[in-house]
Amino acid sequence: MNKRLHTRLALIIIGIAAGIVLISTIGVILTTHYHFSLYQAQAGMTHELPELNYHLEQAMMQTIIWTCFVAIVLAVFLGFYVAKRISAPLIHMTRVAERMTDGEWSARVDIQGKDELADLGASLNTLAEQLQQHEQLRVTMTEDIAHELRTPLATLKSHMRALEDGIWEPTPERIHSCYEEIERLTQLVAELEDLTHVESPGFQLVRKEESLAAIIERGVELVAAAYREKNVHLQCSVSPHIQVFVDHDRMIQVLVNLLSNALKFTPEHGEVRIEGNEDNGHVWIRVQDTGTGIPQEDLPYVFERFYRGDKSRNRKTGGSGLGLTIVKELVAAHGGEISAENREGAAFTIRLPKRQ
């Protein structure tokens, strides 16, 4: 295929050059013959001079034809040379793409110059980097899912085997322990399902004008019982007149995830504040807790799937690592953005466009 490209480019260049040379040669020959004939007709020359003119015309014709032949030969050499120079970067990019197809994601194009071919090579390198990152994310996600499923399944298996062999008595506490592991598996599968749905191309929001205060109050109401159980104070502050263009159910899901996440890392008798306001055509919502905050090195990764800052954290406290990923995807689907920072504790801020 590479040779065919080289040959096609060479033939195109040679054909164009040879065509121009031949057309120019024919034009020069016809013009020269016409002017010699016109000169002889108007001069009324003697018998000897027309013979001399004829030989002079033939000599000029031969010179023109030899010049045409040399020009065509030169065009052939130049055509193959130029075709090789043009096709070489394209052939190199093709080979790099074939290596990437074979799974060699580290393959890169050697970029030379600042022309369009260099831009194409740079774009191919950027694509290769993105594919490499996505492949790494896919492998990591597969490993994380396997790890997330393996622990509760192993726990259930050992519990069931102990009950079956009569090593354990089927007490309510042990049965409840098995139930908690099943509940954790159910939650993980549900979150994976939800994340897949949110990231699918066909995902759509049902958006309309909503009261921000009503949405926040509903989210607070859904988590109020859990906050009371842990003795964490939940404070809400939002203007009653702010309207925002959102999907009601999905935005409540975002707030419940953030409030539940804040509750996990807020100590007993601590406080979580949720507030909403507007500025410059945007609506912002902030959820802030009085917990230990997020380590600085973990801030760039808190929205990645299955990411846990504290690798030794137990699974009951840490969750599945998908909640914040779902939150980020839902906020992005609304045309907004979410950020994390440390203030008194961890603070998550959502910015949404006020209108469609």
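Residue-by-condition table, conditions (1) under 25 Å from Leu188 (Cα atoms); (2) among the polar types (S, T, N, Q); (3) out of contact with any Phe, Trp or Tyr (no Cβ under 7 Å at 6 or more places or on another chain); (4) modelled with pLDDT under 75:
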residue: Glu116; (1), (2), (3), (4): no, no, yes, yes
residue: Leu127; (1), (2), (3), (4): no, no, yes, no
residue: Gln130; (1), (2), (3), (4): no, yes, yes, no
residue: His147; (1), (2), (3), (4): yes, no, yes, yes
residue: Thr151; (1), (2), (3), (4): yes, yes, yes, yes
residue: Thr155; (1), (2), (3), (4): yes, yes, yes, no
residue: Thr171; (1), (2), (3), (4): no, yes, yes, no
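In the stretch 110-121, the residues that are closer than 15 Å to Arg95 by Cβ form Cβ pairs under 8 Å with partners that are open to solvent by 60 Å² or more (accessible area, probe 1.4 Å) and of a type in the set (D, E, K, R), at six or more places apart or across chains, as follows: Gly121/Asp110.
Only a single item in (1) within 24 Å of Glu304 (Cβ to Cβ); (2) not in a helix (DSSP H, G or I) is not met by Glu129, and it is number (2).
Once the stretch 239-251 is narrowed to residues that are crowded, with 21+ Cβ neighbours inside 10 Å and β-branched (Val, Ile, Thr), the residue that is farthest from Leu324 (Cα to Cα) is Val244. Among the residues of the stretch 328-356, those identified as closer than 21 Å to Gln296 by Cβ, open to solvent by less than 50 Å² (accessible area, probe 1.4 Å) and not polar (S, T, N, Q) are Ile338, Ala340, Gly345, Ala346, Ala347, Phe348.
Looking across the stretch 257-283, the residues that are crowded, with 19+ Cβ neighbours inside 10 Å and either under 30 Å from the mean Cα position of the chain (by Cα) or within 16 Å of Ser339 (Cβ to Cβ) (or both) come down to Asn257, Leu258, Leu259, Asn261, Ala262, Ile274, Gly276, Val283. In the stretch 193-205, of all residues being over 11 Å from Arg250 (Cβ atoms) and in contact with a helix residue (DSSP H, G or I) (Cβ under 7 Å, 6 or more places away or on another chain), the one that is surrounded by the fewest Cβ atoms within 10 Å (Cβ to Cβ) corresponds to Glu199.
The values are calculated or read from the model by the stated rules, or taken from the named source; none is laboratory data. As the structure is a computational prediction, the values presented were derived from the model and not from experiment. Quick reminder, even Gly has a Cβ in these numbers, built from the backbone with ideal geometry, and neighbours come from all protein chains shown. In case anyone asks, the SASA skips ligands and DNA or RNA and just uses the protein heavy atoms, side chains included. Shrake-Rupley method; radii C 1.70, N 1.55, O 1.52, S 1.80 Å.
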